[in-house]
1. Considering the stretch A:16-75, what Rg and Dmax in Å follow from its alpha-carbon atoms?
2. Rounded to the nearest 0.05, what FRET efficiency do residue B:106 and residue B:290 have when you use their Cβ-Cβ distance and R0 = 25 Å?
3. If you keep only loop residues by DSSP, which chymotrypsin sites (Phe, Trp or Tyr not before Pro) in the stretch B:425-470 have at most 14 other Cβ atoms within 10 Å of their Cβ?
4. Where does the charge balance sit around residue A:180 when Lys and Arg score +1, Asp and Glu -1, over other residues with C-beta under 10 Å from its C-beta?
5. Other chains near B:472-481: what is the mean number of their Cβ atoms within 10 Å of each residue's Cβ?
6. Hey, if you drop one equal point scatterer on each alpha-carbon of chain A and run the Debye formula without solvent, what base-10 log of I(q)/I(0) do you get at q = 0.09, 0.17, 0.20 Å⁻¹?
7. Which pairs break 20 Å Cα to Cα here: B:431/B:492; A:164/B:218; B:64/B:134; B:123/B:313?
8. For the stretch B:156-202, count the residues as N, evaluate 2.2 N^0.38 Å, and divide the Cα radius of gyration by that value, please.
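Derivation of every value follows stated rules applied to the coordinates shown; laboratory data play no part. A quick note: this is a predicted structure, and the numbers were derived from the prediction, not measured. Ideal geometry is used to build each Cβ from the backbone, glycine not excepted, and the neighbour counts take in all protein chains shown.
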Amino acid sequence: MAEARDGSLHRRMQNHFELFGFEPAYALDPERLERTYRDIQAKVHPDRFARAGDAERRASMQWTTRVNEAYRTLRNPLLRARYLLELNGVQAALETNTSMPPGFLMLQMEQREGLELAAAERDAGALHRMRAALRIEKRGLEDALAEQLDARRDYGAAAELVRKLMFLEKLDAEIDAAFETIEG
Amino acid sequence: MALLQISEPGQSAVPHQQRLAVGIDLGTTNSLVATVRSGVATILPDEQGRPLLPSIVRYLPGVKVEVGYAAQAHQSDDPRNTVVSVKRFMGRGRKDVAYIENSPYDFVDTPGMVQLCTAAGVKSPVEISAEILKVLRVRAEASLGGDLAGAVITVPAYFDDAQRQATKDAATLAGINVLRLLNEPTAAAIAYGLENATEGVYAVFDLGGGTFDISILKLSRGVFEVLATNGDSALGGDDFDHRVVCWALEEARLPPVQPRDIRLLHIKAREAKEALTTHGEAPLTARLSTGEFVDLTLTTEAFCRISQHLVQKTLGPTRKALRDAGLEVGDIKGVVMVGGASRMPQIQRAVSEFFRRDPLNNLDPDKVVALGAAMQANVLAGNQPTAGDWLLLDVIPLSLGVETMGGLVERIIPRNSTIPTARAQEFTTFKDGQSAMSFHAVQGERELVSDCRSLARFELRGIPPMAAGAARVLVTFQVDADGLLAVTAQEKSTGAEASIAVKPSYGLGDAEIERMLRDSYEHARDDMQARALHESRVDGERLADAVRSALGSDPGLVSAAERAEIERLLAALRANLAGTDHRAIRQAADALNRATEEFAARRMDASVRRALAGRNIANLDA
């Protein structure tokens with residue numbers, strides 16, 4: 001491990017959408033995103049500059065780092081929505097003052113109890129079913145996000161959907177952990 | 001239509017000759033070196049035509065070192081000075097080494113990376129690995145007829161930062177310019193994918209002598225994208241041998257035996273294990289130094305029983321990798337088997353049951369990694385005229401984080417992030433006027449620092465005096481294309497760059513590397529000077545070529561004044577390259593590098609813009 005020489009990663013002010021030639025919007029064509037990502041990587045990746053001078057190698061690493069971060073954000077629906085809200089001045093994760101709807105919280109508690117039970121009984125089938133249900137629930141929230149962010153531009157409503165989606169992501173990670181526990 | 005260049009007889013029409021580049025598979029049991037000749041990747045054998053180099057190093061009193069078969073011949077009669085499977089010690093501390101109690105070595109009691117006391121003095125795993133790499137470098141240079149421009153060296157995908165850095169340091173000690181550290185399963189995927197023009201999602205199951213990796217890759221239109229990787233950097237064929245040794249000791253009702261006999265039983269156990277790949281049972285016979293005679297028969301059934309839990313240990317990481325990739329078994333189009341230990345029938349069976357398909361065994365599992373590394377080395381050295389042929393997108397195998405209050409880990413870069421990647425984290429002071437701050441970088445998935453690998457402790461100094469909580473120190477973790485971490489820190493409110501002192505937990509400091517370099521040249525000071533001059537010339541010429549070609553292809557991106565300055569520094573570098581002062585060459589190269597920084601950034605921007613413009617036009621056509 002060494003000391004890096006240059007930390008000026010935020011030199012380029014272009015946002016993630018502009019970087020890939022997209023209008024800032026929640027809905028985007030994943031295939032076009034992937035193609036564009038690969039086209040840019042093909043130009044900037046360090047493997048293209050293994051014989052270049054230090055200056056070009058550094059520029060290559062900064063660019064690749066930047067492109068990887070943008071791609072990671074845009075390809076993931078939750079991160080993309082959060083980022084879009086940030087561009088519009090809304091910090092979805094910080095606004096915890098808005099309490100979540102009681103019905104949603106109740107459902108969350110039930111799901112967690114189900115998860116604990118499945119883990120305790122080492123019931124992989126139940127975990128698979130929970131995951132399948134979670135996928136459907138997530139997709140529903142993502143469709144609603146597209147509606148609030150792109151059609152209505154209601155960022156307050158979108159922020160609440162993002163917070164719900166964050167709960168579901170956490171549950172998803174807990175299902176992973178439960179799988180790991182029962183698989184030993 | 002351009003005019004063809006016709007060269008005089010005896011002159012080359014090629015602007016620069018083929019650069020000699022190799023791929024090196026630095027394995028636990030065996031190592032190999034390969035290169036691309038006339039477009040085909042080939043293993044470079046030794047003078048006797050043997051492709052493998054046993055990764056065994058024997059130290060004799062004085063300066064004599066034996067490597068490979070010569071050392072192998074003495075592994076049982078001189079176990080203390082004959083180091084096998086040194087890869088398992090790379091970047092590892094004493095408490096990390098499995099069955100250390102059975103080990104014949106004389107370990108030195110030091111914190112940090114293990115050290116071995118040998119007939120030739122105290123040696124670190126980095127120095128021992130460097131001996132293996134030196135032999136491969138000499139073999140390649142003799143066979144290719146010139147100095148190496150560089151090498152791609154493979155590492156297990158699941159190697160952590162300390163293990164990777166140790167490998168790179170070993171290459172430096174061996175006088176090798178590392179073009180890239182490449183993950184072994186990714187190297188195998190290149191060789192496999194290019195050979196078979198493969199498209200789709202594939203798993204590479206790589207069980208070597210001492211390490212296990214599972215990588216899930218998406219291959220499409222010349223891009224090798226690693227979706228997830230997992231593994232166990234202390235699980236391999238050696239562990240199966242160890243199980244057989246334990247079984248033999250029990251079956252033969254032997255009392256505790258001497259190190260040399262343990263070594264002998266290991267050799268016999270490996271032979272029996274290998275025989276079981278094609279036979280239903282195998283003899284295990286050995287005459288111990290005590291005169292006792294071991295005469296056993298190992299059946300496939302017994303071998304499967306005693307090694308069952310090891311086979312199971314490969315499946316946990318496999319499930320995790322699939323889950324991290326967000327895929328199911330049915331999404332995998334094929335499973336490529338890599339590493340000598342993947343030949344074991346029980347491994348083949350477990351993989352085919354898990355993936356519900358027959359694994360792919362059509363490439364030699366011992367050679368495929370070196371061949372893939374050679375192909376990548378050829379591209380990185382610039383020998384492939386159409387360099388845009390393929391692109392590797394690899395990931396970091398383990399999360400990186402810092403220690404926070406209460407011994408907990410705050411994750412900064414999650415595992416399976418595509419590299420290069422960077423993430424920043426803000427820290428603040430808790431005392432008025434506090435000018436220094438220290439933190440601890442760790443790697444791993446667990447929540448407690450004590451369950452993760454300690455990488456290094458950092459101390460930031462030079463924070464401007466401020467009230468408690470007012471300083472905003474931004475610490476950036478940057479992981480490069482080799483998967484190596486670098487850390488920078490900046491105080492944001494004043495813009496002051498804090499200086500960082502790094503203390504690696506299981507690595508060698510720069511001073512230690514320098515000392516080892518000096519030691520290795522102790523008996524040939526001229527040799528060290530010559531090496532330094534050679535290296536500075538190679539780097540300097542590479543830079544001069546790159547800048548010259550950049551000016552040629554993007555003349556519009558520099559002002560007349562900038563161009564004049566760059567030309568002046570280029571001429572200065574050229575003048576120094578003609579001389580013999582390696583420090584002067586380095587200084588001239590550094591100056592040119594600094595002067596071309598803006599130009600390089602502009603070229604990169606322009607290149608991205610062109611890529612995007614091409615895309616938009618393509619969209620209009622579609």
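1. Both quantities, over Cα of the stretch A:16-75: 12.5, 40 Å.
2. The pair residue B:106/residue B:290 has a calculated efficiency of 0.70.
3. Details: sites: B:427, B:430, B:439, B:458; in loops: B:430.
When the chymotrypsin sites (Phe, Trp or Tyr not before Pro) of the stretch B:425-470 are filtered for loop state and at most 14 Cβ neighbours within 10 Å, B:430 remain.
4. 0
5. For this peptide, the per-residue mean of nearby foreign Cβ atoms is 4.
6. For chain A at q = 0.09, 0.17, 0.20 Å⁻¹, log10 I(q)/I(0) is -0.47, -1.09, -1.24.
7. A:164/B:218; B:123/B:313
8. Rounded to two decimals, the normalised Rg is 1.45.
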